[in-house]
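All of the numbers you see were taken from the coordinates with simple rules; none came from a lab. No experiment lies behind these values; they were computed from the predicted model shown. Ideal geometry is used to build each Cβ from the backbone, glycine not excepted, and the neighbour counts take in all protein chains shown.
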Amino acid sequence: QVHRFTITHVLLHLGIDVFYFDMDTFFFRNPLPYVLDQASRSRSEALFASHADGDCINIGLFYLRATPGSAEWFSCFLQWYHDQQYEIDQRGLDIFLGSPRRQNFSDLGISYPPEDLPAIGTSALDDVNTVVIGFIG
């Protein structure tokens, strides 16, 4: 699954924003205006879907605004993912994003969290009414 990350890495460093979605995604209408509006309102460089029935982001749909900070942040993730090949990419990105949907009772995590991450603005999409992922909907 590293393909989605290598091309994303290249595009961010070229200054091109990335809107990624898995091939099993179904849209009732063009999602980009909603995604761009939420990213703008929340001042987010990274905007990910999450699970309405869980507390982890979902990497099946995400938007990354190309900035020097987001490119550096993604480079750090890619290096970590290369070094920790047994880790689950989704959990790693959840930690890199600061776990925006984390519940107090959750112990979801990774074995070797990264140190000294560049700070970027992050947010999660509304996953109950607008972007439905999981067994809800």
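For this structure, a couple of remarks:
- Ellipsoid semi-axes for region 10-97, based on the Cα gyration tensor and the rule √(5λ), read 21, 18, 12 Å when sorted largest first.
- Pairs of Cα atoms nearer than 8 Å and 6+ residues apart set the relative contact order; for region 4-65 it is 39 percent.
- The dipole here belongs to region 11-68: it is taken about the Cα centre, uses +1 on the Cβ of Lys and Arg and -1 on the Cβ of Asp and Glu, and is about 280 debye.
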